[in-house]
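Any read-out appearing in this document is the output of simple, stated calculations on the displayed coordinates, not a laboratory observation. All values reported here derive from a predicted model rather than from experimental measurement. All Cβ positions, glycine included, derive from the backbone under ideal geometry; neighbour counts span all protein chains shown.
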Amino acid sequence: MAAIADPVPPHRRDDEVPLWRLYVLRAMFLVFVVGGFFVHVPWLLDDPDLTRRGMLDAMLAGLWVLSFLGLRYPLQMLPIFLFEFVWKAIWLLCFGLPQWMAGRVDPQLSEDLMLIGAGPIVFGLIIPWGYVWRHYVKAPAERWR
Amino acid sequence: MNEVSPARLWVMRIMYLIMALGIGLTIWPSIVSHDPALPRMTGVAWALIGTIGLLALLGLLHPLRMLPLLLVELVWKAIWLAAFAGPRWLDGTLDEGMRTTIFETSFGAVLLLVIPWRYLWANYVTRPGDPWALRRAEV
């Protein structure tokens, strides 16, 4: 059985993204790691809150755990930031904005619009889109046979 | 040691396909059209799960490069089972909905067979990290 490696050898990947951009990505991963510590660790250690089913918290905690790897391999862990960008954009377009435009006034909604709604803008600026386009979309698919 | 067989890539692609189709058929219709008075947490949960389905499409093309997505799946399910379902099971406070979710979440264990662990180890643990400083000119 033929064996193959990732078609883009790791040592080639880092040359196309400037060093300052790697630092921006790492800084964001660091914000995740440190911020998540205060959000997720108390929840993980606490007795479970019986009024919640916990899946949402577990998903966000899963993203937090993987963001540790982003400090070392910011480019390889870009799917985590794509995840953040996409889920917040989906929420904004399909849930937040329609409710806001329907005239709903609710402090919780305003807070969510600020916190979640800022996500697509922040991650939109941080993600190196040229790199994402070349490696995750346009690159020849990994082998099929 | 970072080599992955074509058969493994196929197994990974099938996994991504199941994720994309499953979420595409069950969650996306609700995202596209739903009751405006939906509880807040439900909207957030659907956006998160919907994202997994969307990014799984990229995994069909690039199964290895989207490996972090499979890791997210594995890790969140493990966290949920260990930190949330486990204590309730020990307490004997599981309800019917929780039992169903435990059953469904346990399918995440398939990922243990799908993920190419040697590749993961070689590329996400032992490989030198991305650069921290400008390299010296090649000599």
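If you go through segment B:37-48 and keep only what is touching a residue at least 12 places away in the same chain (Cβ under 8 Å) and within 7 Å of chain A (Cβ to nearest Cβ), you end up with just B:47.
Reported count of residues in segment B:55-88, each being without any contact (Cβ under 8 Å) to a residue 24 or more places away in the chain and surrounded by fewer than 19 Cβ atoms within 10 Å (Cβ to Cβ), is 5.
Inside segment A:110-126, residues that are within 14 Å of another protein chain (Cβ to nearest Cβ) and either in contact with a Pro (Cβ under 7 Å, 6 or more places away or on another chain) or surrounded by 15 or more Cβ atoms within 10 Å (Cβ to Cβ) (or both) make up a count of 7. Residues in segment A:87-105 that are surrounded by 21 or more Cβ atoms within 10 Å (Cβ to Cβ) and facing chain B (nearest Cβ under 7 Å): A:87, A:90, A:91, A:95. For segment A:56-95, the set of residues classified as touching a residue at least 12 places away in the same chain (Cβ under 8 Å), under 18 Å from residue A:33 (Cβ atoms) and among the small types (Gly, Ala, Ser) consists of A:61, A:67, A:70, listed by residue number. Here residue A:145 passes the criteria (1) in contact with a Pro (Cβ under 6 Å, 6 or more places away or on another chain); (2) surrounded by 20 or more Cβ atoms within 10 Å (Cβ to Cβ); (3) of a type in the set (D, E, K, R); (4) closer than 28 Å to residue B:125 by Cα except the one numbered (2). Residues of segment B:49-84 that are under 11 Å from the mean Cα position of the chain (by Cα) and either farther than 28 Å from residue A:140 by Cα or within 7 Å of chain A (Cβ to nearest Cβ) (or both): B:51, B:55, B:66, B:68, B:69, B:71, B:72, B:75, B:76, B:77, B:78.
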